[in-house]
1. With Rg and the Kirkwood Rh both taken from Cα atoms, where does Rg over Rh land for the range 211-340?
2. Viscosity 1.567 mPa s, temperature 4 °C: give me the Stokes-Einstein translational D for the range 308-441 in µm²/s, with Rh taken as the Kirkwood radius over C-alpha pairs.
3. Pop the C-beta distance of CYS183 and PHE120 into the FRET formula with R0 = 45 Å and round what comes out to the nearest 0.05.
4. Any chance you could list P(r) for the range 133-181, counting all Cα-Cα pairs in 10 angstrom bins from zero, rounded to whole %?
5. So what's the angle, to the nearest 10 degrees on a 0 to 90 scale, between helix 474-492 and the longest Cα principal axis of the chain?
6. Report the accessible area of ARG291, computed with a 1.4 Å probe over the heavy atoms of all protein chains in place, in Å² rounded to the nearest 10.
7. Could you work out how far apart the two model spin labels at GLN236 and SER330 are, taking each label as a point 7 Å from the Cα in the direction of the beta carbon, and quote it in nm?
8. Please work out, to two decimal places, the log10 of the ratio I(q)/I(0) at q = 0.14, 0.23 Å⁻¹ from a Debye calculation in which every Cα of the range 450-514 carries one identical scatterer.
Amino acid sequence: MTAAALFPTPLSLEEAAALSPQTVLLAIQGWLHSEQKLASLQEQIDALKHQLDWFKRQTFGQKSEKRILEAPAQQLTLAEALGIEAAVPLAEAPTRIIPAHTRKSTCRTPEDQAESVPFFDADQVPVMTIEVPNPEMAALTPEQYTVIGSKETYRLAQRPSSYVVIKYVRPVIKRLDTQTISCPPAPVGVLEGSRADVSFAAGMVVEKFLYHLPLYRLHQRLQDMGFTLSRVWLTQLMQRVVGLLEPIYNAQFDSIRASRVKAMDETPIKAGLQGPGKMKQGYFWPVYGERDEICFPYCESRRAEHVDQLLGLTAPPGAVLITDGYAAYSRYEKKTEGLTHAQCWAHTRREFFESQDADPQRAAVALEMIGNIYAVEAEIRDRGLKGAKKQDIRLTKAKPLVEAFFTWVADTAADTGLLPSNPLSKALAYAHKRRAGLEVFLSDADVPIDTNHLERGLRVIPMGRKAWLFCWTELGAKQVGIVQSLLTTCRLHDVNPYDYLVDVLQRVGQHPSSRVAELTPRLWKEHFAANPLRSDLYNISN
């Protein structure tokens, strides 16, 4: 019973003095219960306020986690810091009036700017040349002038249609001596019986998955350009193209599994109907290998068992898996012999970054200490250090900083004034629990400090999700993962995705299956990039 229930109206001194000890005890217990309930409610309000601030920042605010430090008001100027006296202003010089005059402008005109160095790659961009006649030549005979040179002006233009139709004309002949009729066969396409040239198939894949153009928009554009095609045909064409690429994807995933150092994460995707107006929640589990290759396998959930299915329970010697703090990866480490689980410093830093509203002073200390650790990595990157030299710098410079950080974490966590629900308490617990994984990079030069390289690679999934929103079927989600794996790896190895697809779509059908790994973007660049297979359209244009 609360004190308010015991005493609905205030008591006078005489009434309070007449209360029995049992009544006073009940009143004190009720008051303590009210205080505990009030503290609990205040704790829930603080937690909900923190969540609301986070959602507001995600929706309306700046999502960058970069710290922008303000210069202190008492900061010295550069001259003061160097001990240089400020220059004494000179006395104002006498002036005199000068008659005004007009001077010819020397600034360049827009025409002059257009005549500057070309802004395109002449080996890849077609150039249409238009000869501009000189009007003074009209009244002159060729004997009255001589052309001493020319000036070139470049303008970016666009044709109403960027698609063409290749027309193959095959003569039918009749031999007069034997009376037999013959006609050469039509050139074999990459897709048997399809009217799509390999250049169109590759361009369709690039536009959908690299530039995130949904097929229905591509269909609308084709109709506007005068082509009578069905959207179903485009969908079926895409499925057939992905079917040709799937063995290459499998070979690339095998290469990633064989990597000693791997990074892994998960990102959601809506795929498949769950009911009227509802989509199932699936997940891509991107995996990044040490040879700069990435794959996006699709699974129907975020269950821990998918890590076992995708990576297997046999790890290469000295294997390291670097991830965020999701518990599924820790369980996988316990099941896999010889595997070391490294943790991502960027995710640890994010916990402290998001606790700034609750405790800005101590959160700033944590961010500053983590920033010093990253400064060592920046020095290693700028100096281009590898192997033993990289590890020496980490041990001599980064290790003391890491130890000082975790000492600060332990001391701060011991503060009894921090509530368990405080975001800073959660950040401290997150870092303390994962200390062993966060220190792995100190003893292995091949292990990155974070998973930012993987985060940059998987960015294509949320970018595409904003354009096409969901996958109608789970099979479609799997096909998205196959194509994005190859296109993103092309970007990582500086391979033109369009040239790559035009080549491998023609080559995959005649390439030995035992050497299909040569068609992955990393190895394709070594074996075929210098002389790739082209479409007939390329031969016509050149």
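1. On the way: Rg = 18.9 Å, Rh = 17.3 Å.
Taking Rg over the Kirkwood Rh, I get 1.09.
2. Numbers: Rh = 16.2 Å.
Estimated via Stokes-Einstein, D reaches 80 µm²/s.
3. Working: r = 42 Å, r/R0 = 0.93.
Calculated transfer efficiency: 0.60.
4. 14, 18, 14, 16, 18, 15, 4
5. Here the helix axis deviates by roughly 80 degrees.
6. Using a 1.4 Å probe on the heavy atoms, I get roughly 90 Å².
7. Those two pseudo-labels are separated by 5.2 nm.
8. These q points yield log10 I(q)/I(0) values of -0.55, -1.10.
The values are calculated or read from the model by the stated rules, or taken from the named source; none is laboratory data. None of the values given here were measured: they were computed from a predicted structure. So basically every Cβ, Gly included, is an ideal-geometry build from the backbone, and we count neighbours across all protein chains shown. When the accessible area is computed, the model is the full protein with side chains, heavy atoms only, and any ligands, DNA or RNA have been set aside. Shrake-Rupley method; radii C 1.70, N 1.55, O 1.52, S 1.80 Å.
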